[in-house]
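Here's the structure we're looking at; comments come further down.
The values are calculated or read from the model by the stated rules, or taken from the named source; none is laboratory data. Keep in mind it's a predicted model, so treat the numbers as computed, not measured. Note: ideal-geometry Cβ built from the backbone for every residue, glycine included; neighbour counts use all protein chains shown. Ligands, DNA and RNA are excluded from the accessible area calculation, which covers all protein heavy atoms including side chains. Shrake-Rupley method; radii C 1.70, N 1.55, O 1.52, S 1.80 Å.
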Amino acid sequence: MLSYIIRRLLLAIPTLIGMTAVVFFIMALSPGRPSAILAAGLQLKPQEREALKRYYDERYGLDKPIVVQYFRWMKKISPIQIGPGPLGWPWFKAPDLGHSMIRDRRVSDLIKESLPVTLLLDVMALPLIYSTSIWLGLKAARHRGEIVDVGMGTVLLALWSFPVILAGLLLQGYLANKDMLYWFPPAELHDMQAGGMTFLPHHGAAGWERGWLVDTAWHLVLPVICLAYGQFAFVSKLSRGAVLENIGADYVRTARAKGVGERSVLYRHVFRNSLIPLITFAAQLLPALIGGSIVVETIFSVSGMGKLGIDSIFYKDSEVVLAIALVAGILGLIANLAGDILYAVVDPRVAYD
Amino acid sequence: MENRFGLKDLILVILLLGVIGVLFLSMVQNDRQYVVLQRIDSTLRQQQTEMADLRRAIARGVAVATTQQQAGGGGYDSPKGNPFEHLLAAEAQPDFARGDWLVENFGVKFQRLTPLGTVSDLYTMWVQARMFEQLCYRDPFTLKFVPLLATDWEIKDNTAAWQTYVDQRKKVPLTEAEILKEDSAPAADKADERKAYVERRLKEGRRDGDIGAEPECPPAIDVVLQLRHGVTFSDGSPFSADDVVFSFDWIMNKKVQAPRERSYLQRIKSVTKLNDFAVSMKFKEPYFAALSVATTNMQIMSKRFYEAIGPDKFNETPGLCMGTGPYMMKDPTSWKPGQKLELVRNEQYWGERGPFDRLVFNEVEGESAEIVLLRNGQLDRLRCSPDQYVELLKDKNLVARTRHFEVNSVDGGYTFVAWNQKRNGKPTLFADKRVRNAMTLLCDRERMGRQFYKGYATVAKSMFSDLSGQSDPNIKALPYDPERAKAILKEAGFADRDGDGVIESPDGRPFRFKLTFKSGDDFSKKLALFLKDSYAPAGIVAEPDATDWNIMMKNLDSRNFDCITMAWSADIEDDPYQIFHSDQIADAGDNFISYSNPETDRLIDLGRRTLDDKKRLEIWHQLEKVITDDQPYTFCLERKSLSFIDARIANVKPSKLGLNYNLKQEMPVPWYVPAAKQKYAR
């Protein structure tokens, strides 16, 4: 098992190099100049453009040939260094993810700020998706062909087809509007006065105060719903299919004949054997959620990786885009590796040596 | 018994982790409270010291302000005006009260609040303008210069002496060595570009600006400014001429990242201290907007604070704000992007304290979210597009809770269609000014305003604005007259000789061209189609060409387009050099239509040098006449800015710069909320 893991990790390196090379060259070969000139757009007075243009060429080497630019970037992010490194250790240095042109900040800082936000949304959404879908799938499999099964299938399919953009706007317009139902806040993850709140709800002089934790949770509800609702259909169908496959198996008949209760049969025997397709899907879901939350982040104005990525692509902020591609790639590879390891844990028949 | 890890155990573990998490958060909460207590403690101690100082000073005897000073001006009057005139007028209102918050929303996430830097998007500058101040600001109603950190100024016109020196130096021929040392010379590894640059410069000869930068050259203009006494930064330290000199030197320091500000202040040769409260700004060449450059293009930063930080840390740190303004950050060093952006009132402000307790700047992006915020009363000002405006006006609840404004602004700029006169070295169909005039006559700009801006736009007759006096009121915009346009085209030799519905030029070229506009923008697409329909009746075929913004900019630089529709923003007194002077055709300059008219060049050069306001405005009027005759652009529309302001805010008035609280400028906030309507506690 260990040799398998090490092999996979080593294989990840050429994969990442290839991926970043493709991303880089596509961006570099597409026409147009990167930089804040575009960010400022029409508000720039003519004389400023010249000054900014020269400044960026000098600072980021934008006037050099693209292959040279790529290797410059590779040199920056590699932990290997020719000659003694800054800490006095030969051959090792901290990888430097680069500097964002339009935001004028270190890319590592930007990612440090946006990644937790995206991960928070995903970590809230994933368990929700999985627990609901698995339960629904199991129910559908048990009452196969009946109204529960068919009805659920239709409803979930309808939800899947409903576009996220429209759902987000409707939720915002109806559930977050003081003129309609004001059940949830319309945007962002924190209240305007959140900086001065205590963490836990408490009863202060001005009455009942929500507290930072509850306030964040309250703000999270709508974005997480938007992220999650479309995935119910797929995962529930997946789990329904897997369970149905197993429910006709011999060992289930044996268990029933033995006298094991129906509930036990379902949850303890059948379910565990149906996990494999669900694990596969989970491994692919994580990277998709990171990218797919762009729409949700835009509608609810949450600054996560999706927004960061889209803005950087538009303004051709190459260092940020490459760093995001790298991070997303690493996360994807880790997710796949974790999925493969989980197979070995869940299914004793699977061995990697 | 089996010892399996079941569901119950999982729930127990999660609960346990939850309890640990809550404990941890309580500890963090405690720490935060401790930090706040410490800050309160140090502020109290500081106040104790100040009280003691005051007591001692009074015991020693203090000079009291004379009645002359006190009469009405609140002590801020100076030879050139009173900076707090409007705020004092508001204070005289019976319902005036200090308090409440002003909640704004710019649809961006702020990345950097430290002044200068490369990320200077408009909204960041608007926030900085509340914390920093300049030497002057422009009165939103009269557009006059109002002294803020300065009290008086004198513009010494030294052009004669400067001109003598320049003429003498121009007789000395320029050498290649000198050319290669220039700032705008291409880098050493670009041999071809270097050669081309050297050739061009040898032909041009010495430039006025370069000669003006030489140390022996007398300054063309010398602006001597008297500074205000008693001004303090938000940490209490006093302001003096040293800070003004420092602010300039800091921007010009190449180690500091400030390429934009540096390009603005290029004209200034030096800023020298005359005494603790007077500075002299010397200019390299005569420029009509010298006073504007000297007093409204440079925020005054604290020398003591920023010098100690140093250029490297200054470039990297996003939250360093130490200015003299009426609002400040609670902590001038620690703000990071992602933290809520709130400015609190500077209680130690040297002038009339701001009316609001806090200015809150939200970072919610997305139109829909913003509108919901406004409806919920969680937003005090919303700027909207014409479509949104019309929609929102239908909502009676909203209209009752807010006030709405449609204002033209002197620096709002204009939209236009630019006709490229030279492509690939050959003159295009638009090189003939009769053709350009015809194109303008074919375009019903009033209808454009009604259809696309729902009537919230006025027809622009030139690049100058009516509101500033730079535009001649006697000149009228070209009317919508398709018949006359067709007649002009016929006169210029255009006719449909082969009967295919498209007219041809005298030398047989069919009148077809591509109309370039920014892609991804539904609005621009509809506009392009409107233009296409305008030109079709005359037998002209315009093909809308949606282009990515990046590519569009590239094509502009290489002059690789037929015509393009865009917008420029403007200055209070606009300098047309960049766009219409023939000097700016070469080197990917902004005269991307290759427009060249010696009369235009002469008038622009003359206007830029004339310091006398009245004479200069007459020159601009003459220039406007030439431009109207030539129609290098079809000037389309000046758009109004449309906004909703929460009704509880008083003293909101339209002015020549938009509303009377003009975010772009460092000016006192004249709005307030009467005590009865205040919503937010301190």
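How large is ³J(HN,Hα), in whole Hz, for each residue of segment B:444-449 in order, when computed from phi with the Karplus curve 6.51 cos²θ - 1.76 cosθ + 1.60 and θ = phi - 60°, using x for Gly and Pro?
7, 6, 4, 5, 4, x
What average number of partner chain Cβ atoms lie no more than 10 Å from the Cβ of the residues making up B:583-596? The partial results should precede the final answer.
On the way: counts 0, 2, 0, 0, 1, 3, 4, 5, 1, 1, 0, 0, 0, 0.
Mean inter-chain Cβ contacts per residue within 10 Å come to 1.
Starting from the Cα of B:LYS269, draw a straight line to each of the aspartates and glutamates and keep only those under 13 Å, dropping any in the same chain fewer than 8 residues away.
B:ASP208, B:ASP210, B:GLU214, B:GLU216, B:ASP222, B:ASP249, B:GLU285
With unit charges on the beta carbons (Lys and Arg positive, Asp and Glu negative) and the dipole taken about the Cα centre of segment A:107-346, which residue among A:TRP160, A:VAL345, A:MET180 sits farthest to the positive side?
Of the listed residues, the answer is A:VAL345.
What is the spin-label model distance, in nm, from A:ILE80 to B:GLN451 if the labels are put 7 Å beyond Cα along the C-beta direction?
6.3
Apply the Karplus parameterisation 6.51 cos²θ - 1.76 cosθ + 1.60, with θ equal to phi minus 60°, to every residue of segment B:664-678 and state each ³J(HN,Hα) to the nearest whole Hz, in sequence, with x for glycine and proline.
Working through the residues one at a time gives 5, 9, 7, 9, x, 7, x, 8, 7, 10, x, 3, 5, 9, 5 Hz.
Just tell me how shielded B:256-267 is by partners: mean number of partner chain Cβ atoms within 10 Å of each residue's Cβ, no decimals.
Average per residue, whole number: 4.
Contact order normalised by length for chain B, with contacts defined as Cα pairs under 8 Å and 6 or more residues apart; what percent is it?
Relative contact order here is 19 percent.
Tell me, what is the percent relative contact order of chain A, built from C-alpha pairs under 8 Å that lie six or more residues apart?
So the answer I get is 24 percent.
Using a Gaussian network model on chain A with a 10 Å cutoff between Cα atoms, which of A:PRO287, A:PRO163, A:PRO31 fluctuates the most?
A:PRO31
Could you sort B:468-475, B:644-651 so that the peptide with the highest average Cβ count within 10 Å comes first and the rest follow in order?
Working: B:468-475: 16.0, B:644-651: 19.5.
Ranking the peptides B:468-475, B:644-651 by packing returns B:644-651, B:468-475.
Keeping all protein chains in the complex and leaving out DNA, RNA and ligands, what accessible area do you get for B:HIS404 with a 1.4 Å probe, in Å² to the nearest 10?
70
Under 10 Å, Cα contacts only: if you run a Gaussian network model on chain A, which one of A:PRO95, A:PRO116, A:PRO186 comes out with the highest mean-square fluctuation?
Among A:PRO95, A:PRO116, A:PRO186, the largest GNM mean-square fluctuation belongs to A:PRO95.
Report the equivalent ellipsoid semi-axes for segment A:107-346 in whole Å, largest first, defined as the square roots of five times the eigenvalues of the gyration tensor built from alpha carbon atoms.
Working through the eigenvalues yields semi-axes of 37, 24, 18 Å.
Assuming R0 = 25 Å, can you tell me the calculated FRET efficiency for the pair B:TYR165 and B:GLU618, based on Cβ-Cβ distance, to the nearest 0.05?
On the way: r = 29 Å, r/R0 = 1.14.
Calculated value: 0.30.
Any number yet on Rg/Rh for chain B, C-alpha, Kirkwood? Intermediate values should be presented prior to the final figure.
On the way: Rg = 29.5 Å, Rh = 29.0 Å.
Across chain B, the Cα-based Rg/Rh ratio is 1.02.
How big is the C-alpha Rg of the protein assembly as shown next to the rule-of-thumb value 2.2 N^0.38 Å, as a ratio?
My calculation over the Cα atoms of the protein assembly as shown gives 1.08.
Quick one: if you stick a label point 7 Å off each Cα along the C-beta vector at A:THR254 and B:ASP533, how many nm between them?
The modelled label-to-label distance comes out at 7.7 nm.
Given springs between every Cα pair under 10 Å in a Gaussian network model of chain A, which of A:ASP109, A:ASP63, A:ASP96 has the largest fluctuation?
Looking only at A:ASP109, A:ASP63, A:ASP96, the largest GNM fluctuation is found for A:ASP63.
So for the pair B:VAL64, B:ASN297, with labels modelled 7 Å out along Cα→Cβ, what separation do we get in nm?
4.7
Ordered by packing density, taken as the mean number of other Cβ atoms within 10 Å over each peptide's residues, highest first, how do B:668-677, B:19-28 rank? Write down the numbers at each step before the final one.
Working: B:668-677: 19.8, B:19-28: 11.6.
Taking the mean over residues of other Cβ atoms within 10 Å, the ranking is B:668-677, B:19-28.
Dividing the convex hull volume of the Cα atoms of segment B:401-526 by its residue count, what figure in Å³ per residue is obtained?
Details: hull volume 21.8 nm³, N = 126.
Hull volume normalised by residue count: 173 Å³.
Determine the shielding of peptide A:53-60 by partner chains: average, over its residues, the number of Cβ atoms on other chains within 10 angstrom of each Cβ.
Mean partner-chain Cβ count within 10 Å for A:53-60: 3.
On the accessible surface of segment B:261-306, probed at 1.4 Å, how many percent belong to carbon and sulfur atoms?
Exposed carbon and sulfur together represent 48 percent of the surface.
Quick check: with the 1.4 Å probe, what order do B:ASP411, B:ASP189 take by accessible area, largest first?
Accessible-area ranking of B:ASP411, B:ASP189, largest first: B:ASP189, B:ASP411.
At a Cα cut-off below 19 Å, give the aspartates and glutamates reachable from A:LYS139, other chains included and same-chain residues fewer than 8 away excluded.
The reachable aspartates and glutamates, counting only those whose Cα sits under 19 Å from A:LYS139, are A:ASP149, A:GLU245, A:GLU262.
Calculate one ³J(HN,Hα) per residue across segment B:274-287 by plugging θ = phi - 60° into the Karplus curve 6.51 cos²θ - 1.76 cosθ + 1.60, and present them in order as whole Hz with x for glycine and proline.
Rounded to whole hertz, the list is 8, 7, 4, 10, 8, 10, 10, 10, 9, 9, 6, 8, x, 9.
State which entries of B:LYS203/B:LYS625; B:LYS396/B:LYS640; B:LYS144/B:LYS254; B:LYS255/B:LYS303; B:LYS171/B:LYS426 exceed 26 angstrom in Cα-Cα distance in the structure shown.
Result: B:LYS203/B:LYS625; B:LYS144/B:LYS254; B:LYS171/B:LYS426 exceed 26 Å.
With r defined as the distance between the Cβ atoms of A:ALA206 and B:MET125 and R0 fixed at 45 Å, what FRET efficiency is calculated, to the nearest 0.05?
0.80
Just how much of B:VAL146 is accessible, in Å², when a 1.4 Å probe is used and the result is rounded to the nearest 10?
About 10 Å², ignoring ligands and nucleic acids.
Out of residues 5 or more away from B:TYR137 or on other chains, whose amide H comes under 5 Å of its own, with H placed 1.01 Å from N in the peptide plane?
B:VAL146, B:LEU148
Anything over 26 Å Cα to Cα? Flag those among A:LYS93/B:LYS190; A:LYS76/B:LYS181; B:LYS422/B:LYS532, in the order listed.
Flagged as over cut-off: A:LYS93/B:LYS190; A:LYS76/B:LYS181.
Quick check on segment B:8-166: what are the equivalent-ellipsoid semi-axes from the Cα gyration tensor, as sqrt(5λ), descending, whole Å?
Result for segment B:8-166: semi-axes of 49, 29, 19 Å.
Hey, can you grab everything whose amide H is under 5 Å from the amide H of A:PHE92? Only 5+ residues off in sequence or another chain; H modelled, so Pro and N-termini drop out.
Under 5 Å from the amide H of A:PHE92 lie the amide H atoms of A:GLN81, A:GLY85, each far enough along the sequence or on another chain.
Please compute the length gained on full extension between A:TYR4 and A:LYS178, using 0.36 nm multiplied by the number of residues separating them and subtracting their Cα-Cα distance.
The span from A:TYR4 to A:LYS178 would gain 57.0 nm if fully extended.
Give the Kirkwood hydrodynamic radius (Å, one decimal) of segment B:518-593, defined as one over the mean of 1/r across all pairs of different Cα atoms.
One decimal place: 14.2 Å for the Kirkwood radius.
Please list the non-local residues whose amide H lies under 5 Å from the amide H of B:GLY658, H modeled 1.01 Å from N, same-chain partners needing a gap of 5 or more.
B:VAL410
With equal scatterers on the alpha carbons only and no solvent term, can you work out the Debye log10 of I(q)/I(0) for segment B:92-194 at 0.17, 0.20, 0.22 1/Å?
After summing over all Cα pairs, the log10 values are -1.07, -1.12, -1.17.
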